[in-house]
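The block underneath contains the structure these notes are about, expressed in structure tokens.
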Amino acid sequence: MRSRENPAAAAGSPFASLSFVISAGMVGLVALLAIVVTVTGGRSSVGTARVPAGAAPGSHGVRPASGAVPVAIRDSTCGLPAGSQAVPTTAPAAASWVLVGSMAVPSSPRTVGPGRSVDGFRECFAHSPTGALFALVNFWAAGTAFGASDVYAHLAADTPSQAQAVRFSAGDHSRLSDSGQVQLAAFEFNSYSPSDADISVVLQSSDGNLVTVACTMLWEAGDWRYEIPPSGAPAAGVIQSLDGYVPWSDA
């Protein structure tokens with residue numbers, strides 16, 4: 001994993017993270033960091049994006065789950081076939097782009113997903129690297145359409161961290177786009193196995209500023225779900241260019 005430019009402090013109060021964002025002129029991305037703070041109940045780990053344990057920096061290979069029973073490659077819960085297991089190194093050719101809230105997301109309902117929508121939440125993605133990527137982008141977009149607690153309840157993996165985040169954010173109606181429009185700009189796969197995918201996405205504010213966020217998606221009950229980190233917020237950092245990432249947007 002490359003080092004991130006101008007990272008915020010990796011530890012400390014959420015005010016340090018927000019102060020860094022504001023002082024750097026990233027006002028349009030304050031909402032992103034606010035979501036991070038909501039998840040952790042006030043802890044912040046904004047800093048350089050992490051490399052998953054057992055993965056070589058910059059590797060794009062399939063990483064087996066250490067010490068775990070291998071997960072079989074299966075069709076999704078709505079019947080979408082798994083499809084190609086190749087980790088994308090170029091922008092996927094989405095069938096179309098649609099708006100979810102204020103963020104454009106890829107949509108290929110008959111191949112990659114989403115295969116259905118429940119209460120407005122788009123879900124059921126192919127059991128593949130591309131399916132995990134589509135699910136992750138749709139997770140962030142849901143944050144521009146719904147409040148934090150609803151997003152965590154519908155789209156996060158069933159973990160103790162999810163339960164804590166839902167409780168902590170109960171009644172929180174803030175959205176990812178409250179401080180300005182946010183759009184997908186690029187992605188990078190850090191590692192992939194049929195049970196989990198570690199992906200960094202780059203989100204861009206309306207004034208062109210870029211933030212990279214390291215995320216984990218888990219294959220759970222026939223669909224990809226966002227894993228709320230058990231010991232803090234996802235690692236995030238400000239970057240100056242998309243060098244080394246795969247550019248991808250509806251533009």
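Determine the relative contact order of region 193-251: mean sequence separation of Cα pairs under 8 Å and six or more apart, normalised by residue count, in whole percent.
On the way: 74 pairs, mean separation 16.9, N = 59.
It comes to 29 percent, rounded to a whole number.
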Query raised in the report: Once amide H atoms are placed 1.01 Å from N in the peptide plane, what residues at a sequence separation of 5 or more from A186, or on another chain, have their amide H within under 5 Å of its amide H?
Result: V202, W248
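Relative contact order for region 65-168: what percent, with Cα pairs under 8 Å and sequence separation of 6 or more? List each step's numbers first, then the result.
Numbers: 147 pairs, mean separation 24.9, N = 104.
Worked out over region 65-168, it gives 24 percent.
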Requested in this report: Using 0.36 nm per residue of separation minus the Cα-Cα distance, give me the extension gain between V71 and A163 in nm, one decimal.
Outcome: 30.7 nm
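Here, each number is a calculation from the coordinates, and none is a lab measurement. Note that this is a predicted model, so its numbers are computed, not measured.
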